[in-house]
Amino acid sequence: MKAEHVLIMFAVLFLIILVIAAARNNAEREKRKLRFLRARYGKVPENEYTAEELASAGLYAKEEENGAFEIDDITWNDLALEDLYLLMNNTVSSPGDSVLMDWLRHPVFDKEKLAARDRLIELVRENQGLREKLQVILWDVGRDNGISAYELFKRLDEAQKIGRAKYIASAIGMLAGIALLFIQPLVGLLLIIAMLVFNSASYMHGNTTIKTYVKSFKAILRMLEASRKLAGLNVPEIKDILQELGSLEGGLKGISRGAFLVTSASGVGTGLESVLIEYMKMFFHVDLIKFDQMLDAYRGKEAAVLRMFELLGTLDTVCALASYREYLPVYTRGDFHFPKEGEKPVIRAEELVHPLLSAPVPNSFTVQGGNLITGSNASGKSTFLKSAAIAAIMGQTVCTVPAGAFSSPFIRVLTSMALTDNLSGGESYFIVEIRSLRRIMEASEDASSGIPVLGVVDEVLRGTNTIERIAASAEILAELAKKPAVTLAATHDIELANILKGSYRNLHFEEEIRDGDVVFSYKLLEGPATTRNAIRLLGLAGYDEEVVERARARAERFETTGNWT
């Protein structure tokens, strides 16, 4: 056998070994993905996000709201919805991060749309094989540290062409030098050296200009590849989504054609191939020449890229919500409807719990109109308010309520609870509070949408003195009771229970003192609070008995005479 034949055989054998090794590595990588996905399914996610990453993930929800009702920042912060988002967020990609945030920010007042979301979530919850296929593909869409895919491709709106002519000329100069080596070696060598210096300098300048946008194109290319793979799945239940992804991918192929010249290596590779590509870029400017073509291919296709982002994010989000449903001990989709004209909104819940508590106490209730909740500190008032508000939001966004049953008209949720001074704006706590209450009032007065308001208020007007607080609170709450709204207001001011007796239903939480300790039931009860243990607790906390007795006497004197002295 001739030597060249032996070399060819060894070369072919080497290539076969490389192909087999690559296939085995890919198979092992897919197995590792599946092990990871299965290990965290139905568990609390371990994803960690910086404040900047959360803000970037939220840009899609902020910029693409299209006039829909949005959970405002006050309500979002009052209810700790960012913590709820993190508890649900078992997504594997940046589009999933953003779409889940968008869903939580924008309740849907449409029975059919909510039903479609619920069907998708249940489809992937009940079909492990499908769910894992989707997640394995979406995994490769991935995330970029510190910035969402949405923010990355929106950056391309600001990108400008860099002009190809000068870079083509530089590449031709280098090729000419190489060609001259075979004709005039010295001249060719001198030209190559000159072009190496010139091309290196011009490349550094050009690469600095485009490197911001290279990450953008890489994010789009990953979405295109995922869309191509998903379009190849045969899943009749989501045929429309998969076909649309395939159509979008086909219409955006111009972006991916030759894109490896721009996006490959990116200066971070360590293999021989990466090094060679980087030198080819530097000396022949292939990425700078290709960049303008990719930008041209993207222009006019922004809506298609956004739609692809939304569909990929939706598939990732429903997989995450399927995991969240497995995590919950009990849940219901919730029953929502449009209120009839003149109908008072009624909210009903059975065994509702707060989703962020590790050992919550369930409560069942029916509320309509004005509801005043009294009770001592830590008895459960604020938790109940938050549970009701969060349930209404979850049912109208992620179709998953932590309760045995939940029904409500479609309802806009606004809260005024965990407020702080606006130091940068020079506003006191009281000013911030009355502005917050006013926005609930204005929303309840706006009947144009036909969607009533759930107004949730914790400790009305706590930022001012007792007399003015009670007087103003009574009038504000009385006015709210006249609106087509459900109002849940917690207060320590027992006086309000009497003042608002005709327009507000009284509910309360109470505690018992057993064996020198305070025991809370956290159960919602009818009527105003009757227990008065605050002064008694002073003694349990170790205060001198004389202090406790003087405090009790002063309270009794005020109740009898209306004077503190």
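Points worth noting:
- The range 315-447 - share of DSSP beta bridges that are antiparallel (%, nearest 5): 75
- Ranking TRP103, TRP139 from most to least accessible surface, computed with a 1.4 Å probe over the protein chains only, gives TRP139, TRP103.
- Computed from the C-beta positions of ARG299 and ALA176 and an R0 of 30 Å, the FRET efficiency is 0.35 to the nearest 0.05.
- Residue-level accessible surface for ASP296, protein heavy atoms, 1.4 Å, Å²: 80
- Between the residues PHE384, ALA165, ILE71, the greatest Cα displacement towards the positive end of the dipole of the chain, with unit charges on the Cβ of Lys, Arg, Asp and Glu, is found for ALA165.
- For the range 134-201, the dipole from Cβ point charges (+1 on Lys and Arg, -1 on Asp and Glu) about the Cα centre works out to 220 debye, to the nearest 20.
- Dimensions (Å) - the chain, Cα atoms, principal axes, largest first: 115, 55, 51
- Protection proxy ranking, peptides 541-547, 367-373, average beta carbon neighbours within 10 Å, highest first: 367-373, 541-547
- Viscosity 0.890 mPa s, temperature 25 °C, Stokes-Einstein D of the range 483-565 from Kirkwood C-alpha radius, µm²/s: 162
- Mean Cα-pair separation over length for the range 305-388, i.e. relative contact order, pairs under 8 Å, 6 or more apart, %: 21
- Kyte-Doolittle at least 0.5, axis length at least 20 Å by Cα - qualifying DSSP helices, the chain: 3-40, 165-180, 185-231, 302-327, 381-395, 466-480
- Residue pairs, from the table LYS215/LYS253; LYS239/LYS301; LYS340/LYS501, whose Cα atoms sit over 20 Å apart: LYS239/LYS301; LYS340/LYS501
- Other residues whose C-beta falls under 9 angstrom from the C-beta of VAL99 contribute a net charge of -4, scoring Lys and Arg +1 and Asp and Glu -1.
- Given a 1.4 Å probe and the protein chains as shown, PHE36 ends up with an accessible area of around 90 Å².
- Inter-part distance, the range 52-84 to the range 152-222, computed on C-alpha centroids, equals 42 Å.
- Residue-averaged 222 nm ellipticity for the chain, from DSSP H runs of 4+ at -39500 (n - 2.57), nearest 500: -18500 deg cm²/dmol
- Relative contact order [Cα under 8 Å, 6+ residues apart], the range 126-224, whole percent: 36
- Solvent-accessible area of the chain (1.4 angstrom probe, protein heavy atoms only): carbon and sulfur portion equals 57 percent.
- The order of the peptides 111-122, 398-409 by mean Cβ neighbours within 10 Å, most packed first, is 398-409, 111-122.
- Under 28 Å between alpha carbons - lysine pairs in the range 41-135 that sit 8 or more apart or on different chains: 5
- Summary of the geometry: the range 452-487 and the range 241-255, compared by the centres of their Cα atoms, lie 53 Å apart.
- In this simple spin-label model, placing a label point 7 Å from the Cα along the Cα-to-Cβ direction at both LEU123 and LEU328 gives a separation of 2.0 nm.
- The residues of the range 45-140 have, on average, 40 Å² of accessible surface per residue, using a 1.4 Å probe with all protein chains present.
- Dipole of the chain [Lys/Arg +1, Asp/Glu -1 at C-beta], most positive-end residue of THR366, GLY254, ILE451: GLY254
- Basic side chains Lys and Arg get +1 at the Cβ, acidic Asp and Glu get -1 at the Cβ, and with that the dipole of the chain about its Cα centre reaches some 2240 debye.
- The HN-Hα couplings worked out from phi for the range 363-379 by the Karplus form 6.51 cos²θ - 1.76 cosθ + 1.60 (θ = phi - 60°) are 9, 10, 6, 10, 10, 8, x, x, 9, 10, 10, 10, x, 7, 4, 6, 7 Hz, whole numbers, x standing for Gly and Pro.
- Relative contact order of the chain, pairs being alpha-carbon contacts under 8 Å that are 6 or more residues apart, as %: 15
- Test item: Cα-centred dipole of the range 74-134, Lys/Arg +1 and Asp/Glu -1 on Cβ, debye: 260
- Span from the the range 496-548 Cα centroid across to the the range 104-132 one, whole angstrom: 43
- Estimated at the nearest 10 Å², the accessible area of ASP240 is 110 Å² with a 1.4 Å probe.
The values are calculated or read from the model by the stated rules, or taken from the named source; none is laboratory data. All of these numbers come straight from a predicted model, not from anything done at the bench. Cβ atoms come from the backbone with ideal geometry, glycine included; neighbour counts cover every protein chain shown. Quick note on the areas: whole protein, heavy atoms, side chains included, nothing else; ligands and nucleic acids left out. Shrake-Rupley method; radii C 1.70, N 1.55, O 1.52, S 1.80 Å.
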